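Read the structure below first, then the notes.
Just so it is clear, none of the values below were taken in a lab; they were calculated from the coordinates. Just so we're clear, the structure is a prediction, and the values are computed from it rather than from any experiment. Virtual Cβ from ideal backbone geometry, glycine too; neighbours counted across all protein chains shown.
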Amino acid sequence: MSGISRFKRAAKLLPVLAAMFAIACESGTSSFSVQPVAAQVTEKPPYPPRHQELGLTAEALLGANPPPITDNTRTHVYADLMLHARRFGTPEAPWDEKALIADDGWPVGDFGAFLMTRQAGLAGIPGTYKVSFNGRAKVSAVASKAVIHPAHYDSAANLSTVEVDLPDDANQLVLSFTQTGEGIRNLKVIRPGYDAKNPPLFTRAFLDHVARFQTLRFMDWLRTNNNPVKHWVNRTSPQLSHYASPNGVPWEHIVELANQTGKNIWINIPAAADDDYVLQLARLLHGSLNPQSKIYVEYSNEVWNGQFKQHGTNFDMAEAEVRENPASPLAYDGKKDRATLGYRRIAKRGKEISDIFRSVYGDAAMMTTVRPIYAIQVVNTYTTEIGLKFLDAVYGSPSQYFYAMAGAPYFNLGPQQNVENLTTEQVLQAMENSIERLPEINRFEKNLALARWHGLPFMAYEGGSDTFGPGSIEAKKNANLAPRMESICNRYLNTWYENGGQLFMWFNAGAGNWDTQYGAWELTTDLAIIDTPKIRCVDKSLAEPKPALKGRNTAPGTFSALAFAGNYPPYSEASRKTLRHLHTGSSLDYLVLATQSGSYELVFNAASDKLGNRLDIAVDGKGIHSGVELQANGWEKSVDNLSLPLVLEKGFHTLRITMRSVSTGFDLSTVTIRSTAKP
């Protein structure tokens, strides 16, 4: 999500939690209700083992989100300032964006150009800017410390050129163009240090900064949040858009960056985009993107998040679909409440986008070159399951349509997020405390268990240091610049990888203004400042092998039956009741870390006074034992039951226990997984 428009996380959760509560009330469940067992276990298609594929190189596990393209950004992406500028305004007030625009995207008559602002003290700002355009005009500075040199006009080429100097203390550049006659065309304002006759699209500083990352996510470049575009004809065209469009950068710019640098791209489809839009985009990428670049494809951004218009757009479209077609798959089981339909549609639209890309790229490219992403809210696994169960029930295994599941596990200041008058050390300590509880707060176990059950890796579409909020702004900035931040950042990333997280997309790459309440998301405050704690952290993570996996429940090993996914000690009475009162059709998931590949045997230690308690056992979505009956030796004697064979690859697995039948119940104490390999 964009740091500029981010509200406090607690506020963002309210509409989602309200919907979650409404669904739970309707179905009669509680926060500790057990999962209903699926009608059948779906076999996984023969795709590569995606949960391990990305672990081959450290570089493949860390990417980044470039910040938005705006006139006030500190991340200077384009060599031509026009591509950072606002919509054309009047000559008297270029910031008003009220110029009349012709069909070709250029102003009709006189106009103003608001090119950049809030740039004081940044590297690359002072110097001579080369202005050129077809036609003639008087060029003047507006509210800028700019020196305008006399224009030169080449009548044969109908080309005007003007040099504009900015001093060391310049903060912005705003120009007016008057006496334009029939208007001017092809306006360019090239930054200092570039060949005005043959400028590159991207600045050297930007390319150098992102060179460290293999994968870039373009959510902000594409203005995904609140994006209104429905049809391909309304997309941002490089031929018709001559400023920073509110609909995002041209897709061709993303392609050019990837082709120039070899980057993988992570793209976001507008929430209301129709099938033809997706088809035309897939064709554009297939025909112009270098075949070595991987394409991560995500439906919009945080569609679960009521802060953004795409949330309402998706939910409205879900209701409209069922209203117009009562037989819609969204209502396959008769449920038609807005929340259920909306969360199902997130999964359904992602599946449809995947299918469209498959129609262009072919089966062989899916889950290899093209990698559709099922994006979720990490703290709300209930709504994640709504989509996954819907896909399983209606279309089959989600792994046929999605490459991975992804969330946004930020660290922050916890309860001190908006507290005033904190010291720098207090901010740093609050961040340390946040990382200490990161797996629990962000429900790593529950999310990874869901992902592994459905054959998906668990990734982070965003993550990083969240200092958003009005409190202690100076201390937050100083904390992000303090040497201790490097070790905090390294601990944060290692915590993610240790707990089974895969590709992590830092939010944000680039440089930002950390003197506001909108957060210190970026890696630096100036692209010329290349030795910051967060840059050192990122570079270290990219260069070093990832840490060994860590898990509460290991194979071989014995663990408490209360250690089911997402349930942490000290165990609550509610969780104990969940375990004691399992009923027919209910299930529990355990996230198990196999420390080595091989053959194992599974043993349940339980007490029961009557036969008839039978379990079904499955691992990673595949049933391995059915109708296993627990022994009956009385409530006072907990005993080991039958040893059940299973085979595990090294890594995390989801062990699911489902009640096939229940007599008088049982008291499950421990779960043991023993290696059967010979010494």
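Roughly how large, in nm² to one decimal, is the mean projection of the convex hull of the alpha-carbon atoms in region 177-237?
7.7
How far, in nm, would the chain grow between His583 and Glu544 when pulled straight, counting 0.36 nm per residue and subtracting the alpha carbon separation? Could the numbers behind the result be given before it?
Working: separation 39, 0.36 × 39 = 14.04 nm, distance 4.73 nm.
Using 0.36 nm per residue and subtracting the Cα-Cα distance, I get 9.3 nm.
Rounded, prolate or oblate: pick one for region 518-674, where a ≥ b ≥ c are the square roots of the eigenvalues of its C-alpha gyration tensor, a/c under 1.5 means rounded, and failing that, prolate if a/b is larger than b/c, else oblate.
On the way: a/c = 3.30, a/b = 2.30, b/c = 1.43.
Cα axes put region 518-674 in the prolate bin.
Between Thr670 and Asp195, what length in nm is gained on full extension when 0.36 nm per residue of separation is reduced by their alpha carbon distance?
Values: separation 475, 0.36 × 475 = 171.00 nm, distance 7.05 nm.
This chain segment gains 163.9 nm when fully extended.
Quick one: what are the phi-derived ³J(HN,Hα) couplings along region 405-421, Karplus 6.51/-1.76/1.60 with θ = phi - 60°, whole Hz, x for glycine and proline?
9, 9, x, 9, x, 6, 10, 8, 9, x, x, 9, 3, 10, 6, 7, 6
For the charge dipole of region 133-234, defined by +1 on Lys and Arg C-beta atoms and -1 on Asp and Glu C-beta atoms about the Cα centroid, which residue among Thr224, Ser140, Phe206 has the Cα displaced farthest towards the positive pole?
Thr224
Give me, ordered by chain and number, the residues 5 or more places off Ala511 or on other chains with an amide H under 5 Å from its own placed amide H.
Thr75
Take the Cβ-Cβ distance between Lys336 and Gln631 as r, set R0 to 51 Å, and report the resulting FRET efficiency rounded to the nearest 0.05. Write out the running numbers ahead of the final one.
Numbers: r = 45 Å, r/R0 = 0.89.
In this case the efficiency is close to 0.65.
For Trp266, what residues show an amide H to amide H distance below 5 Å, using hydrogens built from the backbone and excluding near sequence neighbours?
Those qualifying (amide H under 5 Å, at least 5 residues apart or on another chain) are Leu216, Arg217, Phe218, Tyr296.
List the residues of region 583-600 whose backbone N lies under 20 Å from a point placed 7 Å from the Cα of Tyr568 along the Cα-to-Cβ direction.
Residues 589-593 qualify, since their backbone N sits under 20 Å from the label point.
Based on C-alpha coordinates, I'd like the Rg and Dmax of the chain, in Å.
Here Rg and the maximum Cα pair distance are 27.9, 102 Å.
How compact and how long is region 619-679, expressed as Rg and Dmax of its alpha-carbon atoms in Å?
For region 619-679, the Cα-based Rg and Dmax read 13.7, 41 Å.
Is region 376-508 rounded, prolate or oblate when judged by the Cα gyration tensor, a ≥ b ≥ c being the square roots of its eigenvalues, rounded requiring a/c under 1.5 and prolate requiring a/b larger than b/c? Write out the running numbers ahead of the final one.
Numbers: a/c = 3.02, a/b = 2.38, b/c = 1.27.
Because a/c hits 1.5 or more and a/b exceeds b/c, region 376-508 counts as prolate.
Taking only Cα atoms, what is the 0 to 90° angle, nearest 10, from helix 533-543's long axis to the longest principal axis of the chain?
60
Starting at the first residue of region 607-623, write each ³J(HN,Hα) from the Karplus equation 6.51 cos²θ - 1.76 cosθ + 1.60 with θ = phi - 60°, in whole Hz, x for Gly and Pro.
10, 7, 9, 8, 6, x, 8, 10, 10, 9, 10, 9, 10, 6, x, 10, x
Hey, what do the phi angles of region 339-352 turn into as Karplus ³J(HN,Hα) couplings, whole Hz, using 6.51/-1.76/1.60 and θ = phi - 60°, x for Gly and Pro?
5, 4, 4, x, 6, 5, 5, 4, 5, 5, 5, x, 5, 5
For Ala120 paired with His231, estimate the spin-label separation in nm (one decimal), with each label point 7 Å from Cα along the Cα-to-Cβ line.
4.7
Enumerate the lysines that Lys197 could reach by cross-link, defined here as Cα to Cα under 20 Å, with residues fewer than 8 away along the same chain left out.
Partners found: Lys130, Lys188.
According to a simple spin-label model (label point 7 Å from Cα along Cα-to-Cβ), what is the distance in nm between Asp515 and Asn72?
1.3
What does the C-alpha gyration tensor say about the overall shape of region 180-310? Classify as rounded when a/c is under 1.5, otherwise prolate if a/b is larger than b/c, or oblate.
oblate
Tell me the relative contact order for the chain as a rounded percent, counting alpha carbon contacts under 8 Å between residues six or more apart.
On the way: 1533 pairs, mean separation 93.1, N = 679.
Contact order relative to length: 14 percent.
What residues have an amide H closer than 5 Å to that of Met116, excluding those fewer than 5 places away on the same chain, when H is modeled at 1.01 Å from N in the peptide plane?
Answer set, sorted by chain and number: Leu173.
Round to the nearest 0.05 the FRET efficiency obtained for Ala320 and Lys678 when R0 = 60 Å and r is the Cβ-Cβ distance.
My answer for the efficiency is 0.45.
Can you give the convex hull volume of the alpha carbon atoms of region 320-374 per residue, in Å³? Numbers along the way, then the final one.
On the way: hull volume 4.8 nm³, N = 55.
Once divided by residue count, the hull of region 320-374 is 88 Å³.
Assuming R0 = 22 Å, can you tell me the calculated FRET efficiency for the pair Ala141 and Ala102, based on Cβ-Cβ distance, to the nearest 0.05? Kindly include the intermediate steps, with their values, before the conclusion.
Details: r = 25 Å, r/R0 = 1.13.
In this case the efficiency is close to 0.30.
Can you tell me how much longer the chain between Ala157 and Asp355 gets when fully stretched, taken as 0.36 nm per residue apart minus their C-alpha distance, in nm with one decimal?
Numbers: separation 198, 0.36 × 198 = 71.28 nm, distance 4.89 nm.
The span from Ala157 to Asp355 would gain 66.4 nm if fully extended.
Angle, helix 309-324 long axis vs. longest principal axis of the chain, Cα atoms, 0 to 90°, nearest 10?
Around 60 degrees separate the two axes.
Once the convex hull of the C-alpha atoms of region 579-639 is built, how many Å³ does it hold per residue, rounded to a whole number?
Working: hull volume 7.0 nm³, N = 61.
Value for region 579-639: 114 Å³ per residue.
Work from the charge dipole of the chain (Cβ charges, +1 for Lys and Arg, -1 for Asp and Glu, about the Cα centre) and give the residue of Leu582, Trp266, Ala408 farthest towards its positive end.
Of the listed residues, the answer is Leu582.
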